[in-house]
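Reviewing the structure listed below.
The values are calculated or read from the model by the stated rules, or taken from the named source; none is laboratory data. Computed from a prediction, not measured in an experiment: that's the story for all the values here. Glycine also receives a Cβ, built like all others from the backbone with ideal geometry; neighbour counts cover every protein chain displayed. In case anyone asks, the SASA skips ligands and DNA or RNA and just uses the protein heavy atoms, side chains included. Shrake-Rupley method; radii C 1.70, N 1.55, O 1.52, S 1.80 Å.
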Amino acid sequence: MGKSNAYDAVVIGAGPNGLSAAITMAQHGKSVVVYEAQQEIGGGARSMELTLPGFVHDACSAVYPLAIGSPFFRSLPLSRHGLDWIQPAAALTHPFDDGTAITLERPVDATASLLGSDEKSYRKLMAPLVAAWNGLAVDLLGPPRLPQSPLSLFRFGFSAIQSARGLAEGRFQGEPARGFFAGLAAHSMLPLENWGSAAFGLVLAMSGHAVGWPIARGGAQKVTDALALHLRSLGGEIVTNRPVRSLGDLPPSRVVLCDLTPRQLIEIAGERFSPRYRKSLQRYRYGMGAFKMDWALSGPVPWKARECARAATIHLGGTLGEIAFSERSVWRGEPVEKPFVLLAQPSLFDPSRAPEGKQTLWGYCHVPNGSTFNMTERIEKQIERFAPGFGDLVVRRSVMSPMELEKRNANLVGGDINGGAPTLSQLFFRPTVRMYGTSVKGLYICSASTPPGGGVHGMCGHFAARQALKEMF
Ligand SMILES: Cc1cc2nc3c(=O)[nH]c(=O)nc-3n(C[C@H](O)[C@H](O)[C@H](O)COP(=O)(O)OP(=O)(O)OC[C@H]3O[C@@H](n4cnc5c(N)ncnc54)[C@H](O)[C@@H]3O)c2cc1C
C-alpha cells in the first residue's frame, strides 16, 4: 500500500489465522511481518499457568478436530516444529443423569451400536459423510466456490441446512441419540431451532469419526509455536507488544492482512472504507459469549459414567430439550440456571499438563454477549451433577468472564469466541459478501470473521492470503 515498501505484506494479529496468512505469503517468497498486540503470540491458541505453578492451562482453545483436519495445516511440517497430537481413546463423551453415556468413537459403527433403536439411523446419516470426509473437509473448510465433491456436499447440505433440533427429532427416536447430537450442534452457539445449526453437529461428528478430536501434547501453545517456527523458517518475522491502532502504525507494504474482527477493522481503517462497505461491516452481528473456567484438581474428575475417562472432551447438558432450552435462552440474552457445559480434561492424556497425581480441567459455557453474570457456581453444579464429589477436588480455579476474555484478546468481542455469529447469512459470506477483500485495495481481513469461520484451522488466513497474492502480486 505504501510507495517504497519495507515488506510485501504486514499481518495484524498473531492468532492461528494471522500466522497462517503470513505462512502462505512467505511460502510464495513474499517478505512478511506479523504485528501482535499482546506480549505472547497465539490469540485463541495459547497455554499458561492460570491457576498454580506446574498446571498448564489452555486459555482459549483446547481440542483440535478442525486443526488436525485442516487441509492447510496438514500441508505444513508442524510435527517437525514440535507439534504432537494426542488422540484420546474416544473423541467425546456425553453423559446422562442415569449414569449412562454416549461416546463419539472413531468407527461410526461403534457409536451407532450405543444408540439402541437409533443404531441404523445414525449409521445411515454418518457413514457416507465420514467416508467422504477428505473431499468434504476441502469443500467445507473454505469460502463458497465450485465444490471438489459435489455429490457428497449435496448430501451433507441436505441435512446440514436443517435446524439441529429438526434433524435430531426427525432422524432419531431415542433421547441418547438426540441429546448426543444436540451437544455437538450446540458448538454452533446458535439456538438449536435455527436453520443451519445442524451443520455444526454434523461437521463435529464427522471429524470425530474421520480424524479424531486430539489435544496438543504440552498444550495449545504448541500449535502456535509450531506455526511460528515454521513461519520464521520461511523468513517471516513476528513483532509482539505492538497493538495496531491505525494503519499508520504499520511499516509500508503492498498488502495488509488483518486477523481482526469487523469492529476493530472499523477502528483501525474505518475512514478509508467506502461508506457502503463501512455500513455493511457495522451491520455484522456478534454471537453469544463464553464464560471460561480452568481448574487445578487434586485428582481425576469422579465421573458417574466410566466412559467419561476415555475422552478428553465431555459435553454436560443431558437431553436435547435441556440443551436446546439453554442455548435458546442465552441467545435471547438470559443467563441460564443449567448451562450446557463443554469440558476438556487434557492432563488425563497428557501428564505434562499437571504435577504428578494432579489434574487440570478446562471448561466454558455459553452466556449472552458481554454478560457480566458470574456463572462459576452454575457451571460447577453441572459438573457435580455428573460427577458427584467433584467440588472436593478443586485446589484452585481461574475464571474468565466474556469481558475478561475480550481484554486479553480484542477479537473476542463480548466474549464471542467465533469472530461473529454463524447465522445462515453470516455462515457463507462473512463478514460481508466481499469476504476477505475490503473496499481498500491491498487491505484484507483474514480472521475467523471470514469463511470458514471459528476454530483453529488457519483456513481463513490461508484463503485471505491466497486472494491477496492473486490480486496484488
Ligand atoms: C474459550 C475459548 C475456547 C475455544 N475452544 C476451541 C477449541 O477447543 N477448538 C477450536 O478449534 N477452537 C476453539 N476456540 C476458537 C478459536 O480459538 C478461534 O476461533 C481461533 O483462535 C480464531 O483464530 P484467529 O486467528 O481468527 O483469531 P485469534 O486467535 O483471536 O487471534 C487474533 C490475534 O490478533 C491479536 N490482535 C487483536 N487486535 C489487535 C490489534 N489491534 N493489533 C495487533 N494485534 C491484535 C490478538 O491479540 C490475537 O493474538 C475457542 C475460543 C475460546 C475463546
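To the nearest 20 debye, what charge dipole does the chain have about its Cα centre, counting +1 at the Cβ of each Lys and Arg and -1 at the Cβ of each Asp and Glu? Working shown, then result.
Values: 48 positive and 38 negative charges, 296 e Å.
That gives a dipole near 1420 debye.
For the cross-link pairs Lys279/Lys441; Lys222/Lys407; Lys30/Lys222; Lys124/Lys304, which exceed 27 Å when the distance is taken from alpha carbon to alpha carbon? Exceeds cut-off: Lys124/Lys304.
Ordering 180-186, 236-242 by mean Cβ neighbour count within 10 Å, with the highest value first, yields 180-186, 236-242.
Tally up the carbon and sulfur contribution to the accessible surface of region 61-127 as a whole percent, 1.4 Å probe, everything protein left in place. The C+S portion of the solvent-accessible surface of region 61-127 is 52 percent. When you restrict to C-alpha pairs under 8 Å that are six or more residues apart and normalise by the size of region 1-125, the relative contact order lands at 12 percent. Sorting the segments 280-286, 346-352 by their mean number of nearby beta carbons within 10 angstrom, highest to lowest, gives 346-352, 280-286. For the chain, the share of DSSP beta bridges that are antiparallel, to the nearest 5, is 65%. Packing here is the average count of other Cβ atoms within 10 Å per residue, and on that basis the peptides 16-22, 222-228, 396-402, highest first, run 16-22, 222-228, 396-402. Taking the longest Cα principal axis of the chain as reference, the axis of helix 175-185 is set at about 10 degrees.
Its relative contact order, with pairs defined as Cα atoms under 8 Å and 6+ residues apart, puts region 68-113 at 23 percent. Based on DSSP H segments of at least four residues, each scored -39500 (n - 2.57), the chain has a per-residue ellipticity at 222 nm of -10000 deg cm²/dmol.
Solvent exposure of the chain, expressed per residue, is 38 Å² of accessible area, with all protein chains present and a 1.4 angstrom probe. Taking every alpha-carbon pair under 8 Å whose residues sit at least 6 apart, the chain reaches a relative contact order of 26 percent.
Just so you know, the averaged projected area of the alpha carbon convex hull for region 345-473 sits at 11.1 nm². Extent of the chain along its three principal axes (Cα atoms, max minus min coordinate, largest first): 68, 51, 43 Å. Think of the chain as having a plus end and a minus end, set by charges on the Cβ of Lys, Arg, Asp and Glu; of Trp85, Gly299, Leu115, Trp85 sits farthest toward the positive end of this dipole. Amide hydrogen proximity for Val395: with H placed 1.01 Å from N in the peptide plane, the residues at 5 or more positions away or on another chain lying under 5 Å are Ala296, Leu297, Ser298.
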